[in-house]
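Step one of this worksheet: look at the structure below.
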Amino acid sequence: MRSDSNIVPMRLRAWLVAIAIAAVFLAGGRAGARQRPAVRAEPPPTAEGKEILPENKPAMPAVDELDKKLRLEYQRDLDMAKIRRLHLLDRNAEMERQLRDFAGKYPVDRDREYHYYTGLVLSAAGEYRRAVESYLRAIEIAPDYARARNSLGALYCRLNKYHFALVHFRKALEVNPYNPFLQYNLGSLYFEIGDPVNARIHLEKAVKYKANFGNAYHRLGSLAYQTQQYERTIEYLAKAIEFGAESHTTHYYTGMSYFSLEKGSLATASLRKALQMKPDFFEAALDLARIHHAYGEFSYALEFYKKAESLNPDYPKIKLAMVECLRDLKRYREGIALVRQMLERDPHNEQLRRQLKNLQDQRLIENLAEPYDYYTY
């Protein structure tokens, strides 16, 4: 064990060594300071000095150029958004002016949207050849541009070039198979070319992807009527009316379906609605007359036969049907006058001669008949 007398001298020695080391460092620092030359303080650079010194020039010109390009692209997007909005508002004249301004401000050679909207404007103006060229240019830039292919297909349908339209509708569906409007357009195309199987497939997909697609329900109803599925026709057309796709043909097909199902009152109500919506709807007037005639409602039949005749005076069988109604109503004098009028145009028509004799005989019998009933009950 160390004694306390040995500990004190050891501490003293340690303090002396530390003091000596510190003195050496301080001496070295002062010597280094004497060896280094003094640094002269420079005045702060002036504005003119900043322009002269290379390190103080405006830095990173590439960043300014990039910022300029971004601002230009941003403004370009804003201008194209205006064109899109005008299209949605169906303001074609303003859209045409905006497209001209757009082409004057920006390069458009590789701009698919510019060529697409130009095609829409040209198509609305009836310049179909140039519209086709604009759509094709948009598709050349972006082969998967479904909107351009859809619009081009619709234009080809208007021009009755169904084989060209079919190609573009199919290509558009490859890109966007769940688009109900593309399904509807392709289904309508098949409907027009007489392919009911494919028409039904695509139209049913259209209402599957858009449950309130009134026009697609109307097409399905028309297709069902053509294939004599009358109950389905009524069902589909009711959906069309519910979803705002009501037209005169909606009620016409509904009425004729009810007639085929022997529901005469519903049939005439629907056909009257069709004729109300389109007063010059010859087929509705004629079929209304025939239905009333079939049910023995001769006064109504005669009314609508006259309406049909006013719409199409050259339809050959209307006057004969009117003669039958007049005979059934025992209005022989009017019937005889009508047949004689027809004979003036066709004096050698044997059927009309027989009709005239029959009416004359009926009138004679009526004149000879007693005004009371011989039978008792």
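So the values come out like this:
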| item | result |
| --- | --- |
| Residue that is modelled with the lowest pLDDT [pool: residues in the range 280-321 that are aromatic (Phe, Trp, Tyr) and under 40 Å from the mean Cα position of the chain (by Cα)] | TYR315 |
| Selection within the range 82-95 - surrounded by 10 or more Cβ atoms within 10 Å (Cβ to Cβ) and part of a helix (DSSP H, G or I) | LYS82, ILE83, ARG84, ARG85, LEU86, HIS87, ASN92, ALA93, GLU94, MET95 |
| Evaluation of ALA206 against (1) under 16 Å from the mean Cα position of the chain (by Cα); (2) over 25 Å from ARG232 (Cβ atoms); (3) surrounded by 21 or more Cβ atoms within 10 Å (Cβ to Cβ) (one fails), failing number | (2) |
| Residue in the range 113-153 that is farthest from the chain's Cα centre (by Cα), counting only those that are more than 24 Å from LYS82 (Cβ to Cβ) and small (Gly, Ala, Ser) | GLY126 |
| Residue tally, condition touching a residue at least 12 places away in the same chain (Cβ under 8 Å), touching a His at 6+ places or on another chain (Cβ under 9 Å) and not aliphatic (A, V, I, L, M), over the range 134-150 | 5 |
| Flag for GLN276 being surrounded by fewer than 15 Cβ atoms within 10 Å (Cβ to Cβ), more than 23 Å from ALA199 (Cβ to Cβ) and over 25 Å from the mean Cα position of the chain (by Cα) | yes |
| Residue in the range 326-343 that is in contact with a Cys (Cβ under 6 Å, 6 or more places away or on another chain) and either outside any loop (DSSP other than H, G, I, E, B) or over 22 Å from GLU231 (Cβ atoms) (or both) present | no |
| Test: residue in the range 354-363 that is in contact (Cβ under 8 Å) with a residue 24 or more places away in the chain, buried (at least 21 other Cβ atoms within 10 Å of the Cβ) and of a type outside the set (Phe, Trp, Tyr) | yes |
| Meets criteria (under 21 Å from LEU343 (Cβ atoms) and either part of a helix (DSSP H, G or I) or touching a helix residue (DSSP H, G or I) at 6+ places or on another chain (Cβ under 7 Å) (or both)) for ALA321 | yes |
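To keep it simple, each residue is scored yes or no on (1) in contact with a helix residue (DSSP H, G or I) (Cβ under 7 Å, 6 or more places away or on another chain); (2) buried (at least 22 other Cβ atoms within 10 Å of the Cβ).
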{"residue": "LEU120", "(1), (2)": "yes, yes"}
{"residue": "ARG129", "(1), (2)": "no, no"}
{"residue": "VAL132", "(1), (2)": "yes, no"}
{"residue": "ASP144", "(1), (2)": "yes, no"}
{"residue": "ALA154", "(1), (2)": "yes, no"}
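Here is a yes/no grid of residues against (1) touching a Lys or Arg at 6+ places or on another chain (Cβ under 6 Å); (2) under 14 Å from TYR190 (Cα atoms):
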| position | (1), (2) |
| --- | --- |
| SER134 | no, no |
| ILE141 | yes, no |
| TYR162 | no, yes |
| PHE169 | no, yes |
| ALA172 | yes, no |
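The values are calculated or read from the model by the stated rules, or taken from the named source; none is laboratory data. Just so we're clear, the structure is a prediction, and the values are computed from it rather than from any experiment. Cβ atoms come from the backbone with ideal geometry, glycine included; neighbour counts cover every protein chain shown.
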